[in-house]
1. In the range 10-24, how many are under 23 Å from residue 135 (Cα atoms) and surrounded by fewer than 21 Cβ atoms within 10 Å (Cβ to Cβ)?
2. Return the total of residues in the range 327-350 being of a type in the set (Gly, Ala, Ser) and closer than 19 Å to residue 269 by Cβ.
3. Check 50, 119 and return the single one that is within 23 Å of residue 35 (Cβ to Cβ) and modelled with pLDDT of 65 or more.
4. Select from the range 305-326 the residues that are farther than 12 Å from residue 264 by Cβ and not charged (D, E, K, R) and write down the one among them that is modelled with the lowest pLDDT.
5. Before we move on, is residue 183 more than 19 Å from residue 30 (Cα to Cα) and in contact (Cβ under 8 Å) with a residue 12 or more places away in the chain?
6. Does the range 252-261 contain any residue that is surrounded by fewer than 17 Cβ atoms within 10 Å (Cβ to Cβ), farther than 29 Å from residue 317 by Cα and at pLDDT below 75?
Amino acid sequence: MTPAQFLGRVKRGETPAVCLFLGQDGYNRKRCRDAVTRASAVTPESFDAGETSLAAIIDDARAMSLFASERLMFVTGAEAAVPKASRSVAAEEDDEGGPSSGSVDGSVVEAYVKNPTPGVTLIFEASRFDLEGEDKTKSDRVRKFYGAITDTVEFRRFNTDEARMELDRLAKALNVRLDAEAAQTLVEALGADMGRIAVELEKLALYGKPVTADDLALLVPDARQSTIFALVNALGRRDRARALEALDALVREGEYLPLALTFLATQFRTALVVKEANLRGPQQIQSHFQRVGVQIWGSRAEQVWATASKFSTPQLERGLKVIFEADRDLRSARPDDRTVMESFVVKLCA
């Protein structure tokens, strides 16, 4: 189930007796944790599956408390209980029963799920592996090991559009006023990481005034990526002086230069699509991408249109080549980041 579905069940008083939290997104996992804690009205107990066997944890869950009729138990590091991949484990995984059928801990969990202790809410948290990409095989193994648990909440990472919508919701709740460009900049600058976005919104709530994209570099000093968009926007306008100023800030702060190039490459590729589709203006850009199933916000469409207007198709193609070369040089043995990036800015703004 999704975090929203789980939160709905908790709100209706239908919290599962046994549940598996699976995935790396910490923002929604914290929301679900907090919701269960508030609903249970008891102090949660925490166990670490890396230090305590599942058999011991289940035994504890079976024990009735002398002081409370309800208990809330969180088991962190649940993936630590999954047997390491081996020939015998692989053979078990090929069987219908999965690894749990041959694992003492797995069978104990299965037996408990069939007959959970009344008044006890037991939540296993496996947050080490992502649900997609290279970690998918590992997360699937965890899911299979805990296959007896029918209520699994998947904590997938936010994409840009989902993060933007959640930012708007959270900003409204916190009474933070961001203009469209600032909101989109914050989402993209922080890589759609809602945990970090939520922290920055809480800080911005103290500002008390509307926040613009230009304010972010001053108001969110820890979000260094906000300077990246100053660089991206300056390069999009072919403003060499402003681009070099933004570059100077990035070089002094360090560590985000490859990310700036990634954002810029995306900007150029999108602008190329605009050129090839012969789009005219931000509204046409929005409509075009929505028709192909890609949501693009107004402020983002304006940024892309500005880049497409400043660069011709050959210049965009050359720009992507220059970006590739700079990215390659940044990742190889090099004498000086500043030299590489200044050369990049000069070539792109020529």
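1. Adding up the residues that qualify gives 1.
2. Number satisfying all stated conditions: 0.
3. Being within 23 Å of residue 35 (Cβ to Cβ) and modelled with pLDDT of 65 or more holds for just one of 50, 119, which is 119.
4. 306
5. So residue 183 passes the test.
6. yes
The values are calculated or read from the model by the stated rules, or taken from the named source; none is laboratory data. Just so it is clear, the model here is predicted, and its values are computed rather than measured. So basically every Cβ, Gly included, is an ideal-geometry build from the backbone, and we count neighbours across all protein chains shown.
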